[in-house]
Amino acid sequence: MPKLSPRSRPIDPCAWSINDWCTLTGLGRTKVYQLINMRSIESVQVGKKRLIVTPPAAFLASLKPQQAA
């Protein structure tokens, strides 16, 4: 394994697999595919693999909290 210099930082991902995005947001696969179809989150297809390019934190931050009834 290569040594990292003190100035090097891990690179933040620019795309996530469906499974990784589900894990990070706590949503299920069905809901994630619904969000893709509604164009609430952006995704790209690379070969047969679907990658989500909307950061999970940005999506969660964009949600409005529900008001108590």
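Observations, loosely collected:
- Where helices (runs of 4 or more DSSP H) fall wholly inside the chain, the ranges with 2 or more residues that are modelled with pLDDT of 95 or more are 18-25, 29-37.
- Restricting attention to region 15-54, the residues being surrounded by fewer than 10 Cβ atoms within 10 Å (Cβ to Cβ), under 26 Å from LYS64 (Cβ atoms) and not polar (S, T, N, Q) number 3.
The values are calculated or read from the model by the stated rules, or taken from the named source; none is laboratory data. Fair warning: this is a prediction, and the values are worked out from it, not measured in the lab. All Cβ positions, even for glycine, are placed from backbone atoms using ideal geometry, and neighbour counts span all protein chains on display.
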